[in-house]
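Each remark here refers to the structure printed beneath this line.
The values are calculated or read from the model by the stated rules, or taken from the named source; none is laboratory data. Note that the structure is predicted; figures quoted are calculated from it, not measured. For neighbour counting, all protein chains shown are included, and Cβ atoms are generated from backbone atoms with ideal geometry for every residue, glycine included. Note: areas computed on protein heavy atoms with side chains; ligands, DNA, RNA excluded. Shrake-Rupley method; radii C 1.70, N 1.55, O 1.52, S 1.80 Å.
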Amino acid sequence: MCQDFQALYTHIREQSISPDSARTRFSAIMRALRSRFPSVESLQSDSSVVNSDSLHKPVSPFVFPLRGHSASSIGGSRGEGYRARGFDLFDFNVQGSHPAQDIFVRDRDQDSIEDRTGQPVDVLAMTSGLVIGIETAWLPGSEYRGGNWIWLYDPLQHGLFYYAHNNAVEVLPGQWVKAGQKIAEVGRTGYNAFKTRSPTHLHLMYLRILPNGLPEPRNTYDWLVVAQVMP
């Protein structure tokens, strides 16, 4: 299923499949993924991060996806950069929407190194899930917008998390990762993200899978606000 998803997303990006055919194949893959996982209750123990305070207060099931950062790093005011209208995952020619939150790091010289620490910034899995697709071969000059990306399927949410513009990807398709696990390092890969005008950031998108197997974007802002910050 991971191979099928990776191949499908590549075909969509290269426009070698019609949008209608892509929708049909995507729906079949999502239905197959859903059927291969046990009931969500049996996954609960793998879905959250335990910290020293977890016995005294509830623990959010979400981890903030940049280590050492918090909701103050989200672009705009209260996540206003999220724009889902017109989104179509299956037609690469459709542009203009931004159904995602961009999370910025301080990188004035644009070398993908955090100015405060002198180190790369770890991208962390926001929830536990299965890596179903990655891209690691993006090169400057490529017109592909996502750069080096990761798609992660979360069976608890029955949805897909998309982490884009990474400098280094550190997971493989078929790998199960836990919430808070390092999956990449922040970068500037992607057609627009590589340009000087773009501050260094993580592009985070979440797609809820509907009963028909097709995706619907959801704003992750409220999740990010309550997410655990990993030092």
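Values as computed for the structure displayed
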read-out	value
Within-12-Å neighbourhood charge of TYR206 [Cβ basis; K, R +1; D, E -1]	-1
Convex hull volume of the chain per residue (C-alpha atoms, cubic angstrom)	124 Å³
Relative contact order computed over the chain (Cα-Cα under 8 Å; 6+ residues apart), in percent	25 percent
Residue-wise HN-Hα coupling along region 3-14, computed from phi with Karplus coefficients 6.51, -1.76, 1.60 (Hz; x: Gly, Pro)	5, 4, 5, 4, 5, 4, 5, 5, 5, 4, 5, 8
Accessible area of the chain divided out per residue, in Å², using a probe of 1.4 angstrom	49 Å²
Loop trypsin sites (Lys or Arg not before Pro), region 182-211, which have at most 13 other Cβ atoms in a 10 Å radius of their Cβ (DSSP)	LYS195, ARG197
Percent accessible area from carbon and sulfur atoms, region 80-231, protein chains only, probe 1.4 Å	49 percent
Extreme residue, positive dipole direction of the chain, given options GLN175, GLN6, ILE17 (C-beta unit charges)	ILE17
Rh by Kirkwood over Cα pairs, then Stokes-Einstein D for region 78-123 at 1.002 mPa s and 20 °C, µm²/s	164 µm²/s
Using θ = phi - 60° and Karplus 6.51 cos²θ - 1.76 cosθ + 1.60, couplings along region 222-231 (whole Hz; Gly, Pro as x)	5, 5, 5, 5, 9, 5, 5, 9, 9, x
Exposed-loop-free span, longest in the chain, where GluC sites (Glu not before Pro) count as exposed if DSSP calls them loop and at most 14 other C-beta atoms lie within 10 Å	144-231
